[in-house]
1. Looking for whichever is in contact with a Leu (Cβ under 6 Å, 6 or more places away or on another chain) and either under 30 Å from Arg30 (Cβ atoms) or free of Cβ contacts under 8 Å to residues at least 60 places away in the same chain (or both) here; the options are Glu192, Glu211. Which one fits?
2. Can you find a residue that is assigned by TED's automatic domain parsing to the domain that holds Ala325, closer than 27 Å to Ile35 by Cα, outside any helix (DSSP H, G or I) and modelled with pLDDT of 95 or more anywhere in the stretch 156-163?
3. I want to confirm something. Restricting to the stretch 321-350 and keeping residues that are open to solvent by 50 Å² or more (accessible area, probe 1.4 Å), more than 14 Å from the ligand (Cβ to nearest atom) and of a type in the set (A, V, I, L, M), which single residue is modelled with the lowest pLDDT?
4. Within the group Asp333, Asp282, which residue is of a type in the set (Asp, Glu), in contact with a Phe, Trp or Tyr (Cβ under 8 Å, 6 or more places away or on another chain) and not assigned by TED's automatic domain parsing to the domain that holds Val405?
5. So, of the residues in the stretch 122-140 that are under 17 Å from the mean Cα position of the chain (by Cα) and more than 10 Å from the ligand (Cβ to nearest atom), which turns out to be farthest from Asp82 (Cα to Cα)?
6. So which residues in the stretch 351-389 are open to solvent by 40 Å² or more (accessible area, probe 1.4 Å), under 18 Å from His434 (Cα atoms) and of a type outside the set (Phe, Trp, Tyr)?
7. For residues that are within 16 Å of the ligand (Cβ to nearest atom) and in a loop (DSSP other than H, G, I, E, B), scanning just the stretch 24-40, find the one that is least open to solvent (accessible area, probe 1.4 Å).
8. Scan the stretch 315-333 and report the pairs whose first residue is hydroxyl-bearing (Ser, Thr, Tyr) and whose second residue is modelled with pLDDT of 95 or more, with Cβ atoms within less than 6 Å and a gap of 6+ or a chain change.
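The values are calculated or read from the model by the stated rules, or taken from the named source; none is laboratory data. Because the structure is predicted, anything quoted here is derived from the model rather than measured. Cβ placement follows ideal geometry from the backbone for every residue including glycine, while neighbour counts extend to all protein chains displayed. For the accessible areas, the whole protein counts, side chains as well, though only heavy atoms, and no ligand, DNA or RNA atoms are used. Shrake-Rupley method; radii C 1.70, N 1.55, O 1.52, S 1.80 Å.
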Amino acid sequence: MIKKPAAKAAPVAAPEETTKKKIKTPQVIRGMRDILPEDEPYWRHAYETAQRVADAYGFSRIETPIVEPEELFVRSVGKASDIVEKEMYSFQDSDGDKICLRPEVTASLCRAYIANGMFAKPQPQKLWVWGPMFRHDRPQAGRYRQFYQADFEIIGNASPIVDAQVILLTWTFFKELGINAEIRINSIGSPEDRTRYKMELVQWYRTRKKELCENCLKRLVKNPLRLLDCKEAGCRALRADAPQILDWLSAPSKAHFMAVLEYLDELEIPYFLDPFIVRGLDYYTHTVFEFVANDADDSKAQIALCGGGRYDLLVEQLGGKPTAACGVAPGIDRAVLAMKAQNVVPPAQPKPQIFVAQLGEQGRRRAIALYEKLRQAGFVLTEAFSKESLKTQLDSANEKGVPFVLLVGQREVMDNTVIIRDMESGNQEVVDYHKIVSEMKKKV
Ligand code: AMP
């Protein structure tokens, strides 16, 4: 007789072996975020509106790379700007090239305009872009390190009507989004106007150094115009008495600005003259503007929805022919915040008309083909193919408010039929599988 070996006692696992090692989930990078399906209706509304407005005003969509040479922004946005000084995601790639994630896209568009010989096409070129921008700024509500902009540029014309067209497009964009916004506009004139004004401004501030914040003391040397858009309370109070650039514009610069305002008056677009809008980027000339949200809760600081203006020297500065241009960059994250603050209900997506339900493996195989047949015929459908219980599927159809359920089980597969259930009345009928599209067309 063969003896059974004595049962060995199971080895006792050490406690640390029994508890699973905790795996750390990688976290999203600070200042960046996931935009979830719940928010998608707002984003879709923004994109569709941007596309519609672009089409209506004759803009062509263009894509430029997210990664660009660092030099592109150093030469355009300016060394002394916050963006280039502190906020660029710059790095060296494995070829040793200095590259960066684009902090804005106007400079990219001008690069593309030059590189693709667009000056040889009819002028002006109207181009638009949609996509993410990257700035390593201090994150806070409405300020992210990856954020989205739509960007509309008219390149190749110096006339003030172009400035008005850009503002009109922006006005239409926010209006069609359902956002109540206010325009703040200014002119920073030609570079010569600005040089004279800057000298005056520096002189004025020099005698008031004690009242300036630390940042503004640096700006006084490096970028005096930025003294005017400091957010510190003390500096804001001080600037109220500072010299204003409009008083320093040459006659042609003044005439350009007046013409822009006259076009806006003709269009009955309201605006506020704001002498403190100077914009942080070096490349602007003449008209500069921002739109701010007019939220019901005006206790909050008004958030800037977009920034724009004319930049007549940028293309030349980047190595192209002298080419005047004007554009605007609406911030989409901010537009979504404003829509929510102003209780905008984004357009509803089409509701499913038919729920395709199944019973058993054969039924499920037929159901997926039925779904495809109806989708190709243009119906909006939904399903729960991963569920087995018919009750669960009907509950799901009810929850989604779908008016008709089409059911296929083993029997219907054998008979080549489909059951149509009217969810409101509870009535059911059996129809030929091959006639289902025409039957449903009569009902939906
Ligand atoms: P700018 O390119 O700085 O003129 O910005 C244009 C618009 O982009 C602003 O008015 C904002 O709506 C938006 N924007 C700029 N920076 C950010 C950011 N860090 N986070 C979210 N939106 C931004």
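1. The match here is Glu211.
2. So far as the stretch 156-163 goes, no, none of its residues is assigned by TED's automatic domain parsing to the domain that holds Ala325, closer than 27 Å to Ile35 by Cα, outside any helix (DSSP H, G or I) and modelled with pLDDT of 95 or more.
3. First, pick out the residues of the stretch 321-350 that are open to solvent by 50 Å² or more (accessible area, probe 1.4 Å): 321-322, 334, 337, 340, 343, 345, 347-350.
Still in the list and also more than 14 Å from the ligand (Cβ to nearest atom): 321-322, 340, 343, 345, 347-350.
If we keep only those that are of a type in the set (A, V, I, L, M) too, we end up with 345, 348.
On the way: Val345: 97, Ala348: 91.
Filtering first and then ranking leaves Ala348.
4. Asp333
5. Here the residue is Leu127.
6. Gln362, Arg364, Arg365, Arg366, Ile368, Ala369, Glu372, Lys373, Arg375, Gln376, Gly378
7. Taking the stretch 24-40 first, the residues within 16 Å of the ligand (Cβ to nearest atom) are 28-35, 39.
Imposing the further condition that a residue be in a loop (DSSP other than H, G, I, E, B) reduces the set to 28-35.
Numbers: Val28: 86, Ile29: 106, Arg30: 147, Gly31: 15, Met32: 39, Arg33: 89, Asp34: 112, Ile35: 56 Å².
Out of the qualifying residues, it is Gly31.
8. Thr323/Gly156; Thr323/Val315
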